[in-house]
């Protein structure tokens, strides 16, 4: 598949989706939103892909919304603005709900809507010099569409601060708050992303998908009988699955499971 704003390649079960608008710091417009949605929906169905890396060309990871696109939106009707915002929401949800684990390879600054992109990913590896900012309030706007993902990733208390202040914060702060999983030097970025991706690919593909869904479904739920029954049912099903049986058998027989051969 050829895209106008993205590059897509697959190697050894790892797909890399690269934001490719470096001249505008990978700011997204309606085309990039549609293409990201299409790419992640398609990758979710591919049996030859076990992990996805979301990367970016240029010095910045993503500067948020493209200024020309924002100018166009200023003239939209309420219905047009709602439809446009829904397309952005659907794109973020396609990343968040993708059954394949998604690693954000953050090579530089992340602003506004770019914060939604990395918050929708499962693992975020960032260079130590990256800066982060929820800058919408400076423009009299608010990060509403990205909020469900950012609040989950950043935490409620930190979100209260950074949504309202629009302060820029550094990678060390992002790491401390849990938005970033690992902070590395520029020279370590690719090796770290590759190591994590290979670790994911070594695990049972159905189990990885189920683990990702488990966290999404269980986080924030009350610890009641319904949750206990739900989680008991999940482990019972996967124990009885072909992959579960093969995984246990390979461990007992001291051999590699079939999905690693």
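Worth pointing out:
- Residue satisfying condition, being at pLDDT 95 or above, more than 14 Å from the chain's Cα centre (by Cα), under 23 Å from residue 187 (Cα atoms) and buried (at least 17 other Cβ atoms within 10 Å of the Cβ), within set 126, 130: 130
- Residue pairs whose Cβ atoms lie under 9 Å apart, sitting 6 or more positions apart in sequence or on different chains, and linking a residue in the stretch 1-17 that is farther than 15 Å from residue 47 by Cα and outside the structural domain of residue 47 (by TED's automatic domain parsing) to a partner that is modelled with pLDDT of 95 or more and loosely packed, with under 13 Cβ neighbours inside 10 Å, do not occur here.
- Counting the residues of the stretch 242-261 that are modelled with pLDDT of 90 or more and in a loop (DSSP other than H, G, I, E, B) gives 5.
- Total residues in the stretch 63-84 satisfying the condition of being surrounded by 13 or more Cβ atoms within 10 Å (Cβ to Cβ) and assigned to a loop (DSSP other than H, G, I, E, B): the figure is 4.
- Flag for residue 15 being touching a strand residue (DSSP E or B) at 6+ places or on another chain (Cβ under 9 Å), within 27 Å of residue 208 (Cα to Cα) and assigned to a helix (DSSP H, G or I): no
- Of 158, 166, all but one fail to be in the same structural domain as residue 104 (by TED's automatic domain parsing) and either touching a strand residue (DSSP E or B) at 6+ places or on another chain (Cβ under 8 Å) or in contact (Cβ under 8 Å) with a residue 24 or more places away in the chain (or both); the exception is 166.
- Output for the stretch 109-153, where each listed residue is in contact (Cβ under 8 Å) with a residue 60 or more places away in the chain and part of a loop (DSSP other than H, G, I, E, B): 109, 121, 122, 130, 135, 145
- Filter pass, residue 88 being assigned by TED's automatic domain parsing to the domain that holds residue 17, surrounded by fewer than 21 Cβ atoms within 10 Å (Cβ to Cβ) and closer than 19 Å to residue 65 by Cβ: yes
Condition check ((1) over 24 Å from residue 43 (Cβ atoms); (2) in contact with a strand residue (DSSP E or B) (Cβ under 6 Å, 6 or more places away or on another chain); (3) not assigned by TED's automatic domain parsing to the domain that holds residue 96) across all residues:
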{"position": "190", "(1), (2), (3)": "no, no, no"}
{"position": "195", "(1), (2), (3)": "no, no, no"}
{"position": "214", "(1), (2), (3)": "no, no, yes"}
{"position": "220", "(1), (2), (3)": "yes, no, yes"}
{"position": "236", "(1), (2), (3)": "yes, no, yes"}
{"position": "253", "(1), (2), (3)": "yes, no, yes"}
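- Screening the candidates 43, 7, 19 for the property of being surrounded by 13 or more Cβ atoms within 10 Å (Cβ to Cβ), under 22 Å from residue 125 (Cα atoms), modelled with pLDDT of 95 or more and in contact with a helix residue (DSSP H, G or I) (Cβ under 9 Å, 6 or more places away or on another chain) yields one hit, 19.
- Taking the numbered list (1) closer than 18 Å to residue 121 by Cβ; (2) part of a helix (DSSP H, G or I) in turn, residue 227 passes all entries but (1).
The values are calculated or read from the model by the stated rules, or taken from the named source; none is laboratory data. Only a predicted model underlies this, so the values are computations on that prediction, with no experimental measurement involved. Note that each Cβ is placed from the backbone with ideal geometry, even for glycine, and that neighbours are counted across all protein chains shown.
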